[in-house]
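Colleague: Questions regarding the structure given below will be posed in turn.
The numbers here are math on the coordinates, done by the rules we state, and not lab data. Since the structure is predicted, the reported quantities are computational estimates derived from the model, not experimental observations. Note that each Cβ is placed from the backbone with ideal geometry, even for glycine, and that neighbours are counted across all protein chains shown.
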Amino acid sequence: MEDVLFLYDQAIEHLVRLHAYRCTKRDNFDESGEVEEDVDRIADLLAKRDLLIFSASLRNLAEAGKAVDTMRELRLPTCKVMVPPQAPFFKQSGETLSLYQALSRIIHSRAITVCRSSFDFFLLMARTEDELYSSVQEPVINSETLLVLQTEQDPATAIELKSLIQVTCSFLNSVSEDLKITQRGSRIGE
């Protein structure tokens, strides 16, 4: 039971970090410079690390708590990036992944691209530097956070971080209720 509680706590901690990251904006400084660019770059790296730890912890929690079937039932929508990039930059594709599939794609990704602004979407879509620099708009338009996951076996998959967080909360609400019942049941049998 201690393992399950540890995994739950770890998943919650990284879920909170991802939610905080999602709620911040890139270039949210009064001044611009190398340090501010470094802060944004490091924030992106930390978010990717948190995403990987979160995904592994949540999947391990599902396995330890015998809730993999519940995780496979919960669905989250995939998204399509608009070409050429324009606000709102992406829309739901009409297709879904199970929460388990989404976590697996995060864990097994060879590349995770985080798009939070118009610049990120132009960078994602540009095939050449000339194309990138000719299409970048000023000022940068902030967007809801989109994760583009690339694995060896699956096509590139785009999911909205907000949807991942919401579906995860539904899963954790369900699992935490089941764990309370299990704890009560084991205490009654003692």
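Colleague: What are the ³J(HN,Hα) values, in whole Hz, obtained from phi via the Karplus relation 6.51 cos²θ - 1.76 cosθ + 1.60 with θ = phi - 60°, for each residue of region 9-15 in sequence order, with x given for Gly and Pro?
Modeller: Coupling constants for region 9-15: 4, 5, 4, 5, 4, 6, 5 Hz.
Colleague: First measure r as the distance between the Cβ atoms of residue 174 and residue 53, then evaluate 1/(1 + (r/R0)^6) with R0 = 25 Å and state the FRET efficiency to the nearest 0.05.
Modeller: Values: r = 22 Å, r/R0 = 0.86.
Result of the calculation: an efficiency of 0.70.
Colleague: Please give the length that would be gained between residue 111 and residue 5 if that part of the chain were fully extended, namely 0.36 nm times their separation in residues minus their C-alpha to C-alpha distance (nm, one decimal). List each step's numbers first, then the result.
Modeller: Details: separation 106, 0.36 × 106 = 38.16 nm, distance 3.03 nm.
Here the segment from residue 111 to residue 5 would lengthen by 35.1 nm.
Colleague: Something else about it: Return the long-range amide H neighbours of residue 141 (sequence gap of 5 or more, or a different chain), with a cut-off of under 5 Å between placed amide H atoms.
Modeller: It is 118, 119, by chain and number.
Colleague: Identify the chymotrypsin sites (Phe, Trp or Tyr not before Pro) of region 62-126 meeting these criteria: DSSP loop state and at most 12 other C-beta atoms within 10 Å of the C-beta. Don't skip to the end; give the middle numbers.
Modeller: On the way: sites: 89, 90, 100, 119, 121, 122; in loops: 89.
Filter output for region 62-126: empty list.
Colleague: Please give the residues of region 70-87, grouped as numeric ranges, whose backbone N is less than 13 Å from a label point set 7 Å along the Cα-to-Cβ vector of residue 98.
Modeller: Correct set: 70-76.
Colleague: To make sure I understand the rule: partners must be lysines, Cα under 18 Å from the Cα of residue 91, and not fewer than 8 residues away in the same chain. Which ones qualify?
Modeller: 80, 162
Colleague: Let me ask something else. Within region 1-109, which GluC sites (Glu not before Pro) sit in a loop by DSSP and count at most 16 neighbouring Cβ atoms inside 10 Å? Mind showing how you got there, number by number?
Modeller: Working: sites: 2, 13, 31, 34, 36, 37, 63, 73, 95; in loops: 31.
Hits after loop and neighbour filter: 31.
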